[in-house]
Amino acid sequence: MISNAISRCAIEIKKNRDRSWIIGYSGGKDSTAALKVFLAASRESGCEDDCITVIYCDTGVENPELDFFAKRTLEGMQRELPVIFPNLRIEILKAPLKEGFFARVVGRGYAPPTNRFRWCTKGLRVLPVQRFIKASPGDAAVVLGLRYGESRQRDRSLAKGGGEEAIWQVQREGAQRDLLLPVLDFNLEMVWAAAQLIDLPSSIDSIALEELYRGATEECPMVKSPLAPPCASGRFGCWTCTVVRRDKSTENMVKNGKAWLQPYLDFRDWLQLFRAQASFRWPVRRNGAVGLGPFTVEGRKIIFKEIQLLEEAVGRELLSHAEIALIKDLWRQDAEPEERLRLRGK
Ligand code: SF4
């Protein structure tokens with residue numbers, strides 16, 4: 001069955017020699033399976049010299065275990081793959097500093113995301129990828145590890161793209177690129193079989209990948225499309241994510257021996273509670289509407305302190321010098337409007 005999927009993909013690659021390929025890799029199992037099937041198909045079709053770009057979106061607050069794993073793997077791929085695929089390159093994408101999680105929360109005082117106000121997915125995960133895809137020259141197609149069977153709504157969207165056998169999602173709106181979905185009809189067993197049995201890239205440690213999934217169920221989507229499942233909700237995601245009531249993935253990782261992740265969990269839980277403290281929030285939103293607004297500058301400074309304590313606990317820099325400078329500048333910008341609010345409230 002895996003070999004059929006490779007052959008099916010090889011036919012599509014061969015039929016599309018004029019295209020270049022952008023492969024979304026998140027470090028998770030589905031994108032690993034899609035990458036492996038695609039590369040095997042590329043070899044089977046004799047199209048190894050196609051232009052291929054493997055992209056990874058670095059949110060800056062990704063689950064540390066998955067992030068370390070993905071970046072280690074990307075380094076290995078960088079050494080291994082261009083020998084076989086001479087026109088393959090690897091790109092790590094990042095949101096501009098001002099759109100980062102901490103610039104928004106600690107700098108501008110955004111309340112951490114909730115299910116109703118999930119401001120982060122677009123800036124951290126979707127826009128960096130969209131910008132890259134948009135800027136890619138020629139008729140590039142995007143290769144993703146999206147699959148049937150993750151939710152009914154998603155299945156309906158996928159089915160609209162052409163039924164069970166189609167591995168293409170042809171996008172005709174605006175500047176959207178066509179999607180090639182090599183593992184579209186894979187079940188979980190097949191995903192793991194592809195991730196473990198296909199040899200290339202050998203730099204993906206499939207045993208370590210399986211270990212990562214003890215506890216986590218899915219991975220966060222990289223590309224915002226009607227097919228993409230929602231961010232968070234039991235998936236690997238940001239260690240700062242307050243959309244979920246509990247970060248079960250990380251909790252399970254801690255239970256399974258990754259005790260060094262506990263300080264990240266503690267910070268997330270603290271941030272979720274701190275979010276609700278009205279005394280550290282403006283009484284109006286930025287648009288002037290009455291209701292809990294951004295964190296006060298004092299509240300932002302408290303979060304900043306907590307991050308510094310976390311840095312000490314985990315022995316890792318979480319805020320760069322440039323990020324700190326930006327955050328302090330944003331505090332200065334908000335000092336005056338905050339003072340006006342205070343005077344009005346007296
Ligand atoms: S994992 Fe959570 S914090 Fe991260 S982008 Fe998704 S919803 Fe936002």
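When G28, G46, G76 are checked against the criterion of being within 23 Å of the chain's Cα centre (by Cα) and surrounded by fewer than 17 Cβ atoms within 10 Å (Cβ to Cβ), G76 stands alone in meeting it.
In the range 106-114, the condition of being buried (at least 17 other Cβ atoms within 10 Å of the Cβ), of a type in the set (S, T, N, Q) and at pLDDT below 95 is met by no residue. In the range 246-253 there is at least one residue matching the filter, namely being assigned to a loop (DSSP other than H, G, I, E, B), at pLDDT 60 or above and within 16 Å of the ligand (Cβ to nearest atom). Consider F102 carefully, then state whether it is of a type in the set (F, W, Y), touching a residue at least 12 places away in the same chain (Cβ under 8 Å), within 12 Å of the ligand (Cβ to nearest atom) and not in a loop (DSSP other than H, G, I, E, B). So F102 passes the test.
Checked against (1) in a helix (DSSP H, G or I); (2) touching a helix residue (DSSP H, G or I) at 6+ places or on another chain (Cβ under 8 Å); (3) farther than 21 Å from T121 by Cα, L292 passes all but a single condition, namely (1). For the range 120-150, residues that are surrounded by 14 or more Cβ atoms within 10 Å (Cβ to Cβ) and either touching a helix residue (DSSP H, G or I) at 6+ places or on another chain (Cβ under 8 Å) or within 20 Å of E62 (Cα to Cα) (or both) total 20.
Every listed requirement among (1) in contact with an Asp or Glu (Cβ under 6 Å, 6 or more places away or on another chain); (2) surrounded by fewer than 18 Cβ atoms within 10 Å (Cβ to Cβ) is met by K305 save one, (1).
The values are calculated or read from the model by the stated rules, or taken from the named source; none is laboratory data. Model, not experiment: these values are computed from the prediction. FYI the Cβ positions are ideal-geometry reconstructions off the backbone, even for glycines, and counts take in every protein chain you see.
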